[in-house]
Structure formats: C-alpha cells, structure tokens
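J.: Let me begin by handing over the structure; questions about it come next.
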Amino acid sequence: MLASIDKKKRSLGVIIAISSAPRCRVQETIEICTSAGLRVKTIPSLYDLIIGRANVSNVRDIQIEDLLGREPVKAVIEGAGSYLRKKVVLVTGAAGSIGPELVMQWRSMPLN
C-alpha cells in the first residue's frame, strides 16, 4: 500500500500509530516512507494515552529508540580506553548491529 503512494495527493508524511507493531515492520515502513521522500512521525502508545501520560497532540519524529523495542541502555565507557589498551578483544555476534557499534565506539575512545 505504501509503495503506491500517489505523489499527486501531495502527501507530506506518515504517522505510525500502532506502537505494538513488530519492530521489523516499523523499520520496513520507515524505510519505504523515507525513500519516497515522506516524513515519518509517531504518536504515543494507547497505554500512555489512557493513563494520561501523553495525548494525541504529542506527535513527534521517529527516533532510533522507537525501533529498539526496549529502553535504551546507557553505557559507562569512561576508563574503558585505558582498560582495553594493548588488549585483544573478541566481539562475537558482530554481524548484527550491536557488535559493530561497540567496535566503532571502542576504536574512537581515547587511550588514556
């Protein structure tokens, strides 16, 4: 359906309103929309709306955290550069998204 968006209708964007949708489906939808030049936004979950934590006017841009399916983890990396200096580190599972990100962050760390 999204692939057949008629540009004559002057669609500016898409709002994802199903917070329970599988993350892979949301990511696929975002890719289709951005490749079509559409902005992608989301609204709060039904639960947040019911308990009053948010309202429908809280439409916002999609953030990377929306694709995680969980709360983001804040890593404490101070001092890790000196700990890893002159060490060999094996990162397993580096073909996914977390392994390469860790390696990229480690490589950019100062080696104090």
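J.: Can you run phi through the Karplus equation (6.51, -1.76, 1.60; θ = phi - 60°) for the stretch 12-24 and list ³J(HN,Hα) in whole Hz, with x for Gly and Pro?
T.: Karplus-based 3J(HN,Hα) across the stretch 12-24 equals 9, x, 10, 10, 8, 10, 10, 5, 8, 5, x, 4, 5 Hz.
J.: Starting with the highest mean, order 29-38, 52-61, 83-92 by the number of other Cβ atoms within 10 Å, averaged over the residues of each peptide.
T.: Result, highest mean Cβ count within 10 Å first: 29-38, 52-61, 83-92.
J.: Starting from the coordinates of the alpha-carbon atoms of the stretch 21-70, obtain the Kirkwood hydrodynamic radius over all distinct pairs and give the value in Å to one decimal.
T.: Numbers: mean 1/r = 0.0845 Å⁻¹.
For the stretch 21-70, the Kirkwood estimate is 11.8 Å.
J.: Once amide H atoms are built 1.01 Å from N in the peptide plane, which residues 5 or more positions from residue 14, or in another chain, come under 5 Å H to H?
T.: Amide H neighbours of residue 14: 39, 40, 41.
Read-outs throughout are calculated quantities, based only on the coordinates presented, and are distinct from any laboratory measurement. It should be emphasised that the depicted structure is a prediction, and the values quoted were computed from it without experimental measurement. In this analysis, Cβ positions are derived from the backbone assuming ideal geometry, glycine residues included, and neighbour counts consider all displayed protein chains.
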